[in-house]
1. Let me make sure I get this right: for region B:357-397, a, b and c are the square roots of the gyration tensor eigenvalues over alpha carbons, sorted descending. Under 1.5 in a/c it's rounded, otherwise prolate if a/b > b/c, else oblate. Which is it?
2. Subtracting the Cα-Cα distance from 0.36 nm times the residue separation, let me have the gained length for residue A:78 to residue A:358 in nm, one decimal.
3. How far apart, in nanometres, would the label points at residue A:431 and residue B:461 be if each is projected 7 angstrom from Cα along the Cα-to-Cβ direction?
4. Rounded, prolate or oblate, given the Cα gyration tensor of the protein assembly as shown, with a/c below 1.5 counting as rounded?
5. In degrees, nearest 10, range 0 to 90: what is the angle between the Cα axis of helix A:253-268 and the longest Cα principal axis of chain A?
6. Obtain the nm distance between the two label points defined at residue A:11 and residue B:250 by a simple spin-label model: each point lies 7 Å from its Cα along the Cα-to-C-beta direction.
7. Relative to the present Cα-Cα distance, how much length would full extension add between residue A:280 and residue A:561 at 0.36 nm per residue of separation?
8. Can you bin chain A into rounded, prolate or oblate? Criterion: square roots of the alpha carbon gyration tensor eigenvalues sorted a ≥ b ≥ c, rounded for a/c under 1.5, prolate for a/b above b/c, oblate for the rest.
């Protein structure tokens, strides 16, 4: 059965090859016809409109988002992950990956070839940037218009299954970034079928989540989410910019989604995770439903990024203004959000709400030093390593990987990739391409960037520059960074204190002058010298075994002497009486 | 390092072979000495007491609970479950297993030989009855006195590891029953070491959880729990009779345990479950900590057992009085607890508290038709199948396995084992043995049982009678029951509606006369005729595909005709418009 929702249409036809077949009107605004054989191309014709439109729920768009859909048979793929019982988010390290620029090939199959690198690094989840179908070949993926389809240049739906399968066979879970807050500017035919849209965001039309007919629009979102998890064996979803979802209903879409995903998790008998990107600093998102929350698994924490970024770069422009002190970093490490019902200068208002750190575990917040946005939305897409010393970067990586939060690494960060990661798109429509190009340049011109300095997002060279260069890994300087990340991740796995999610047990000591920070995690201490001189960093208990040091650290009686821009992770000597088990 | 807590002793010595070594006093009441080589027998001598006592944290008691401990090296076992990422409780089916009577051999290694039967049946977790060390060879395990040791007649610590390893390689998780509410009546030397005890239960001394020195006593419990999960790779614990834990602290032991287990789960990067046996009908146990609960994974639900039992047996004695109507069964299926702030006649008071079924998922409650207590604590340990028709048993099994709760099966139930499961123990001390024997008989004499009718718990023949007889599985009548359980479990896996944890979506229709019940689970209906005549059971929507029937069911237009004591699970015909995904 092939079905499509078009509640206010008088006639819907199914086009297969040169033939049009009338569809029969069912209940609730749905139209039905017999399904074609798998692999058959098809499209819908609405009333008298001559344009054949792709299926809003199409799984396969071999000829792009404007072309016909191809009927896809989920049952044809032979999965190899039968022994997979899922992967839990608590304790995990995430790795954000953009398929198009992860490898020279830019496909999911090419990415499979590099999975052993991730096993070696020690990450638990890959978080795939959006793979839904968008217009053009290259792009970040947030301009998706056919949310159910897998972008054909990445390999289409079967390639996604092969990728997930290959990850599972290596013990790696896969999260997928999905964008429910808007549709891309090209190919969004959804509005032709029914009242899918209601208002718009700066990026494109947004969904009708609470107007008339919105029950079915919400199902479009919910079924999409469930389909990835069930049919593609994904282990969770990253929900893009949930602050841009407009939903005034008593049960917010996110809570409804969390409840449905929990039910699916019970059906599939494996854990499923929902991770929200949110600008709201609202702990409600990750609070259990019985406590009045939405019950999501985790949410991104930009505040901690901003603190870390401002600390190592010294940047204070724009929203970094509020975050540029070690006291702010310490407060955010302890309290999750810096803005927690407090003044946010760039918002011009108070923002956020405190997290109950005695009861909400730290792993419900994703922490990162870099991510696709924080790198790619800089004028030239320069990574931190382009301007920050290896020593300071090591300190920041150590803070990240010794924190009680869920750490995420952006692809290439683990070897301080020399390649930038820039903003790119490839809209075939030239006027849209021009608009995107000039919009980008205007945005940065306002901050003093010359036109020639900002890469042209439509230039294929911009994508090419953004591709990881794997040969770098053989170079000693890059290899050293990789070894440091790998060592930190191994220690995070080996030492229970480092994954302890009880944020209220974390103690942070800082001194702005000369610039050091100590994280106390149970019986471990991470001491960082962020300044340019050797200093004696005080430690509350006698230093013991050194687990990892980025330079020659000399533990003393109640302090450790650290060279400029270096860290040490060490055990302190406590009483023995709890160590016999 | 070998350490022991004995805070009020003046002298503690370590006996190895014929030699006594002084131990040095450390902080917090702990005593320390160098550890012997693995495999060395040792004991402690306290002050002038000439008795060498076993280690309270002994992992290995090769010569029983009164003998010396043997130093055990966890690192020596080579695990084979590296690919195991854990198993989540939601959606799972549990199988309660008593090692001593599961097989003729009565050991963990012998149990491994039968694991493929469990794979065939389709269960997700084995719930092992207690394996901690207790006095005597045979017993249920609830009289443990060395909580850290694995009962030697079961094979000792290495055998438990082999068992867990073998389960994991088959995709089966393992929960272990642990008893923290009391110690057994023989071999409880704990009180010699320190103020471990405070009061007692009817079964033996209970722990000091909130008196002076109780910090360390709580650690004894917490470290025990964490040790099973970490060192033995267990996937969770079943906490015996938590209503008998006496803890007046602001943070209840169970909440503290749940928080520590969550931290360990993040360290081990696999889900860990805590399942409480509780008589309290208090949803706080399984409510999230941020909602003021303890945050346990699940709790047993006796009310549902009592309803099912009373329904199929007609028994109304004792506590079954309140539960013996189809209305009570329907109310319990819908509300989790029958006693939810309502009158409990056998308690002579109101009892329990309602569950917020709109927010607390059903999988947090374990449901069962039989378990070790409900069978074994009957005078003759007779299983339901000894007195209830196969037809009614099938109906009850279907209700259990189509419910939104976590179903648990008691070993042998899946083929209606002809063997009873009786109360047995084997205390070597003859006066204790006499006391247990006469106590048991007196208990049942009060209910009209003659002395000769109640099996002697100390008679080895009682254990022998309680062993499963695996040859039964080849007999057609038993095989038919097994096939029914297996089919129900397969349907539970295949049909998302059956594991849907949203209890508030469950609708139950009943008619006391002539005695039928319908469970509405999404698009499925389970119709049971519990009466002795063929009846037309009304169904709210037109019956469609029959998924399973225990007898010749004839679906009509808005009803299904069911023979006496039979059930049918069928799909109903709803609108199509949600089925296209």
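1. It comes out oblate by the Cα gyration axes.
2. Fully extending the segment from residue A:78 to residue A:358 adds 96.3 nm.
3. 9.8
4. oblate
5. Taking Cα atoms only, the helix is inclined about 90 degrees.
6. The modelled label-to-label distance comes out at 7.5 nm.
7. Gain on stretching residue A:280 to residue A:561: 97.1 nm.
8. In terms of gyration-tensor shape, prolate.
Taken together, the values in this text are just the output of simple stated rules run on the coordinates, not laboratory data. Keep in mind that this is a model prediction, so the values were computed, not measured. Using ideal geometry, Cβ is built from the backbone for each residue, glycine included, and neighbour counts are taken over all protein chains shown.
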